[in-house]
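Undergrad: Before I ask anything, let me first share the structure, which is written out below as structure tokens.
No lab work stands behind these numbers, since they all come straight from the coordinates. Just so it is clear, the structure is predicted and the values come from calculations on it, not from any experiment. Virtual Cβ from ideal backbone geometry, glycine too; neighbours counted across all protein chains shown.
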Amino acid sequence: MLKRLLPILIAVALVGCKNQQLKQTEVGSGKFAVNKQVEAKVDSLLSLMTLEEKIGQLNQLSGNGEVTGPISFPAEYMEALRKGLVGSMLNINGAAYTYKVQKVAVEESRLHIPLIFGYDVIHGYKTIFPIPLGEAASWDMEAIEKSARVAAIEASAAGQHWTFAPMVDIARDPRWGRVMEGAGEDPFFGSAVARARVKGFQGSKLSDTSSIAACAKHFVAYGAAQAGRDYNTVDISERTLYEVYLPPFKSALDAGVVTFMSSFNELNGIPVTGNKAMVNDLLKEKWGFNGFVDSDWGSIREMIYHGYAANEYEAGYLAMSSGVDMDLEGRIYLAQLKKLVEDGRITVEQLDEAVRRILRVKFELGLFDNPYKGCDSIREKELLLNPRHLEIAREVTRKSLVLLKNENVLPLSRNIRSIAVVGPLADNQDELIGTWSGRGEGKHVVSVLSGIREKLPNGNIYYAKGCEIVGENKAGFDEAINAARKADAVVVVVGESAMMSGEALSRAFLDLPGVQKDLVMELNALHKPLVVVVMNGRPLTIEWMDKAVPAILEAWLPGTMGGLAIADVLFGDYNPSGKLPMSFPRNVGQIPIFYYQKSTGRPPRQEERYTSKYIDSPVSPLYPFGYGLSYTTFEYSNLSISSPSIKMDETLKVSVDVRNSGKYDGEEVVQLYVRDMVGSVTRPIRELKGFKKIFIKSGESARVEFSLTSNDLAFYNQNMEYIAEPGDFMLFIGGNSDASLGLGFRLEE
Ligand code: BGC
């Protein structure tokens, strides 16, 4: 192996690099920085590369994700690897398989440059955590970071170096199937989650065995697809782009993320994959991003279908000259770049710059020191589904559950004599892991029924499916109703299947699919204590449910430990603490709906005719952003500020008493919102500016403090300068975005 790396080492020596030991860049705590020694090595390597080998580094091919052995690895791929025509592969899974493929790249290619293996490790690799939207509902950044860490540990043991996560797209339209992959509707909150996920994946040092490169995607504004239809046109103002869609990307960058993915969508007429202003000028030059940008799957070619590039040659030109460094399964760079360089359309310097960025990340990952980093069949066996990982997944999953309604039904008593567990998702394993579930398998999932059985080993549990998730068949209703009749309490588990949210899975209706609503209503008519556990990848329109049933627990698609975590909450072993990261609409007509609204000149007043409202629906959501109940109650009082006004360089201290006035110990997410009363540009009526998740024992109080500076009050003015304007502000503190406890203060010149 060392012998094979000789040309590289000699080249490094030639450029006078004294220290052969790479000094690794610290990640997680700051922007990915360029390291001189690494740069020298990259330059040396570049000087040895042919034009074809350089282009090869920009080429990313997909293996067959379903196959775990090298047998089916296409011979043409092997040939391409030997010729140095592939820089990265995705969807090659498992230590043994990645090892074999890597061996060809590093031992049989002329320059022995290691491949970087990428994979969609979105909410776990083998131990599957709740879908990212669910995990975000924990509002617990430590838990989110831990989940990403576990995913990185497992993925790295299976030979992966890079995850296409986190997806940091703000999503305000629950029809869009990919809302399940992100952190919801708010830029401040989304930025915090982005940071936690990047830190979790990349660890404290990129070269560590269990660190994998993260990828902030999809750059940018992919979540603003018109009508929530995936891949659809995005047409938003520059202000909305800067205020809402860009901040989580900036946050990922500041946390040290080493790759970005350019999105499929056009943005105001220009597909982002060929948008120089966004990718090159903003991300790379203005923000100073030093890592590399991957295209999305085939998004370079898709510029032809957008009607933006005339042919593959032009598409390659547009992507390359916009700063997209790697071509994900598009093969456009492979086919067109040589000619583009020979024609002088793309300069060698431009090409070198893209290659440099990719090699830089490979060096920083430590792949030149050990191309098989982390990949070890023994480690893989030991770490995948490791009991400690399952324990962490259970903890994180409990935190992700949101109690939407509870009229004295929950928690259930362990002394309950009998319970009916019904519904199409009650004894289900496969759906609970959701989409983008890595190498997760339904057979490892604990169903809700099993979780409940564990709590009531001697209890009478009556199970009936009732109906399927989809379809009109009600033949199973009688059995379900009979089960419920015999029981003292009913848990009904309904919702969406895994394949109803995720990529290319937009929905026009957000009802419970099939006849599940009828099942819930018929069970509810028995007037027994009844809990609906809802599983879904997005907010659903469940106003009817809220009106009818006494208790609702939002469980998202909860992952491997779903059933145990849900049972923990149902029986009070964990007091629910999740809060919604996305508003739940009452009906599809209200969409897009989010708390961060403008006042308008005619703020909504239902009773007044000429105001901004609907005549057939309230304006308010069913459940607002930040909402979620607990088995206990929290009371807020004594809101105070350090001064009625602050100057531009001063800090306002905000504090409030939060008392746990109920019977259970519990956690509360204390949220701080701000409103700028008058601006040179109108401001939203609420903007989240801080949150803290705290544990308070029953009967006790905590004083919770926040700090606000003028930077927290800044926005883009009419000239798109980010500034804070002097004037009056209101702040609100409470347990959701409707918080009413407020105070005014002034920002002085
Ligand atoms: C998705 C990306 C994903 C990529 C690779 C694309 O279709 O949009 O989010 O990372 O495929 O699997």
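Undergrad: For segment 529-653, with equal point scatterers placed on the C-alpha atoms only and solvent neglected, what are the log10 I(q)/I(0) values from the Debye formula at q = 0.13 1/Å, to two decimals?
TA: Log-scaled intensity ratios, in q order: -0.77.
Undergrad: Hand me the tally of lysine pairs in segment 634-748: alpha carbons under 23 angstrom apart, and the pair either on different chains or 8 or more positions apart. Mind showing how you got there, number by number?
TA: On the way: LYS647/LYS689; LYS653/LYS689; LYS653/LYS692; LYS653/LYS693; LYS663/LYS692; LYS663/LYS693; LYS663/LYS697.
Taking the Cα cut-off of 23 Å, the pair count is 7.
Undergrad: I want to check the label-to-label distance for ALA75 and GLN606. Put each point 7 Å from Cα in the C-beta direction and report it in nm to one decimal.
TA: Here the answer is 7.2 nm between the modelled labels.
Undergrad: Sticking with this one: Going by how many other Cβ atoms sit within 10 Å of their own, how do PHE706, PHE584 line up, fewest first? Walk me through the numbers on the way to the answer.
TA: Numbers: PHE706 20, PHE584 25.
Exposure proxy ranking, most exposed first: PHE706, PHE584.
Undergrad: Convex hull over the alpha-carbon atoms of the chain: what's its volume per residue in Å³? Walk me through the numbers on the way to the answer.
TA: Details: hull volume 126.2 nm³, N = 749.
Measuring per residue, one finds 168 Å³ for the Cα hull of the chain.
Undergrad: Whole number please: convex hull volume per residue, Cα atoms of segment 119-197, in Å³. Each step should come with its number before you reach the end.
TA: Numbers: hull volume 6.0 nm³, N = 79.
So the per-residue Cα hull volume is 76 Å³.
Undergrad: Just to compare against my own numbers: the Cα pair-distance distribution for segment 2-379, 10 Å bins, whole % per bin, please.
TA: 6, 26, 35, 26, 7, 0
Undergrad: With 10 angstrom as the radius, rank TRP544, TRP436 by how many other C-beta atoms surround their C-beta, starting from the fewest.
TA: Ordered from fewest to most neighbouring Cβ atoms within 10 Å, TRP544, TRP436 come out as TRP544, TRP436.
Undergrad: Defining a contact as two alpha carbons under 8 Å apart and six or more residues distant in sequence, what relative contact order in percent does segment 454-573 show? Walk me through the numbers before you get to the answer.
TA: On the way: 159 pairs, mean separation 29.7, N = 120.
About 25 percent, as a whole number.
Undergrad: Work out the count of Lys pairs in segment 479-590 where the Cα-Cα distance is under 21 Å, with the pair 8 or more places apart or on different chains. Mind showing how you got there, number by number?
TA: Values: LYS486/LYS528; LYS517/LYS528; LYS517/LYS547; LYS528/LYS547; LYS547/LYS579.
Eligible lysine pairs with Cα atoms under 21 Å apart amount to 5.
Undergrad: For segment 607-689, which trypsin sites (Lys or Arg not before Pro) are in a loop by DSSP, counting at most 14 other Cβ atoms within 10 Å?
TA: When the trypsin sites (Lys or Arg not before Pro) of segment 607-689 are filtered for loop state and at most 14 Cβ neighbours within 10 Å, ARG609, LYS647, LYS663 remain.
Undergrad: What is the local net charge at GLY200, summed over the other residues whose Cβ is closer than 11 Å to its Cβ (Lys, Arg +1; Asp, Glu -1)? Intermediate values should be presented prior to the final figure.
TA: Working: positive: LYS146, ARG149, ARG195, ARG197, LYS199; negative: GLU135, GLU142, GLU145.
Taking every other residue near GLY200 into account, the sum is +2.
Undergrad: Could you tell me, in Å, what Rg and Dmax come out for the Cα atoms of segment 341-484?
TA: 25.4, 80
Undergrad: So what's segment 437-487 giving for Rg/Rh, alpha carbon basis, Kirkwood Rh from the mean inverse pair distance? Provide the component values of the computation, followed by the final result.
TA: Numbers: Rg = 14.2 Å, Rh = 13.2 Å.
A ratio of 1.08.
Undergrad: Report the local net charge at ARG357: Lys and Arg +1, Asp and Glu -1, summed over other residues whose C-beta lies under 15 Å from its C-beta. List each step's numbers first, then the result.
TA: Working: positive: LYS31, LYS41, LYS54, LYS284, ARG356, ARG360, LYS362; negative: GLU39, ASP43, GLU285, ASP294, ASP325, ASP327, GLU349, ASP352, GLU353, GLU364.
Residues near ARG357 contribute -3 overall.
Undergrad: Please report MET78, MET261 as a ranked list, fewest other C-beta atoms within 10 angstrom at the top and most at the bottom. Walk me through the numbers before you get to the answer.
TA: Values: MET78 16, MET261 26.
Least crowded to most crowded, the residues run MET78, MET261.
Undergrad: Under 20 °C and 1.002 mPa s, how fast does segment 300-388 diffuse according to Stokes-Einstein, given a Kirkwood radius computed over C-alpha pairs? Answer in µm²/s, whole number. Walk me through the numbers before you get to the answer.
TA: Working: Rh = 15.5 Å.
Approximately 139 µm²/s, per Stokes-Einstein.
Undergrad: Further question on the same structure: Hey, what does the equivalent ellipsoid look like for segment 616-749, semi-axes from the Cα gyration tensor as sqrt of 5 times each eigenvalue, largest first, whole Å? Please report the intermediate quantities before stating the final value.
TA: Values: eigenvalues 170, 72, 23 Å².
They are 29, 19, 11 Å, listed from largest to smallest.
Undergrad: Here's another thing I want to ask about it. Rounded to whole Å and ordered largest first, report the semi-axes of the equivalent ellipsoid of segment 654-727 derived from its Cα gyration tensor (root of 5λ). Before the final figure, lay out the partial values.
TA: Numbers: eigenvalues 233, 21, 17 Å².
Whole-Å semi-axes of the equivalent ellipsoid: 34, 10, 9.
Undergrad: Per-residue ellipticity at 222 nm for the chain, helices alone: DSSP H runs ≥ 4 residues times -39500 (n - 2.57), over residue total, nearest 500 deg cm²/dmol?
TA: On the way: 20 runs with 203 residues, N = 749.
Taking each H run of at least 4 residues, the total per residue is -8000 deg cm²/dmol.
Undergrad: Under the rule a/c < 1.5 gives rounded, and otherwise a/b versus b/c splits prolate from oblate, where does segment 210-350 land using the Cα gyration tensor?
TA: Details: a/c = 1.74, a/b = 1.23, b/c = 1.41.
Since a/c reaches 1.5 but b/c is at least a/b, the shape of segment 210-350 is classed as oblate.
Undergrad: Relative to the longest principal Cα axis of the chain, at what angle does helix 332-342 sit, 0 to 90 degrees, rounded to 10?
TA: 40 degrees
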